Each structure stands twice: as structure tokens, then as C-alpha cells.
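Enquirer: Sharing a structure, written as C-alpha cells. Questions coming.
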């Protein structure tokens with residue numbers, strides 16, 4: 001084997017490895033964050049900056065939920081959070097906490113997203 005061929009093989013292997021890592025990072029399995037319990041209500045803080053963090057929130061079914069959103073950017077895409085399953089839409093002013101209270105949930109998955117549907121999160125009730 002020539003040194004040139006070895007370099008080509010090495011570059012291709014590194015490229016395939018990076019593609020695999022990027023795919024795993026963006027679409028791989030996520031566990032989610034368990035909401036903390038306070039006064040019978042489950043609560044979690046969500047930061048909005050290029051996405052939702054955490055983007056998966058796990059709650060106990062049958063108990064009310066409070067989500068506290070704080071938007072840390074000025075992108076127009078994330079200026080609103082929408083919960084279609086509950087017919088809820090809230091404006092998220094930059095650097096202000098916005099509370100979204102949800103009733104006790106049935107077991108299942110409930111999505112939330114920006115108004116354009118590009119930035120997404122999920123509420124998982126178990």
C-alpha cells in the first residue's frame with residue numbers, strides 16, 4: 001500500500017465515524033428529565049436557546065404539571081411555545097420566565113413546539 005492510499009482510507013474512516021457520531025447525537029435515544037415534585041405538582045424549568053433544554057420531560061400521570069420556560073435568545077422562531085394537545089400557546093419574552101400549568105395528564109406523550117414546528121420538545125406522562 002502506498003502512503004497516499006493509507007491517508008485516503010484513514011480520512012474516509014474518520015469521516016464515516018464523524019457522520020455516525022453526529023447522527024447518534026441528534027437522533028439517538030434520550031432519557032429525558034424527571035420533573036421535581038412540589039406541593040403535589042410536578043415542576044421543571046426549561047431553557048429556550050436554539051432548542052428546549054431539557055427537550056424531554058418525564059412526569060407521573062395523574063398529577064398536575066407546571067413548566068417554567070425561560071427564553072435566552074431573540075430568535076423569532078422560539079418566541080412562542082405551543083401545546084396543540086391542550087390548545088395552549090404562550091408568548092415567551094426574552095429573559096422572562098413564563099409558566100405553563102397543565103392538568104393531571106393521562107399516560108402518553110405530548111409534544112410542544114415553537115409556532116413553526118421546527119423546535120420540538122416532548123412531555124412523557126408515565
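Enquirer: Please give, to one decimal in nm, the separation of the simple spin-label points placed at residue 74 and residue 88, each 7 Å out from Cα toward the Cβ.
Expert: For the pair residue 74/residue 88, the computed spacing is 2.9 nm.
Enquirer: Using only Cα atoms, find the angle between the long axis of helix 3-27 and the longest principal axis of the chain, and express it within 0 to 90 degrees, rounded to the nearest 10.
Expert: 10 degrees
Enquirer: I've got another one for you. Based on the alpha-carbon gyration tensor of the chain and its eigenvalue square roots a ≥ b ≥ c, which shape applies: rounded if a/c is under 1.5, prolate if not and a/b is larger than b/c, or oblate?
Expert: It comes out prolate by the Cα gyration axes.
Enquirer: Moving on to the next point. Just grab the label-to-label distance for residue 104 and residue 5, each label 7 Å out from Cα along the Cβ direction, in nm (one decimal).
Expert: About 7.1 nm separates the two model spin labels.
Enquirer: Which one of 102, 13, 92 has the biggest mean-square fluctuation once the chain is modelled by GNM with Cα springs under 10 Å?
Expert: Maximum among the listed residues: 13.
Enquirer: Between residue 39 and residue 95, how high is the FRET efficiency from 1/(1 + (r/R0)^6) when r is the Cβ-Cβ distance and R₀ = 30 Å? Nearest 0.05.
Expert: 0.70
Enquirer: Among 32, 40, 51, which one moves the most in a GNM of the chain with springs linking Cα atoms closer than 10 Å?
Expert: 40
Taken together, the values in this text are just the output of simple stated rules run on the coordinates, not laboratory data. These figures come from a predicted structure and were not determined experimentally. Note: ideal-geometry Cβ built from the backbone for every residue, glycine included; neighbour counts use all protein chains shown.
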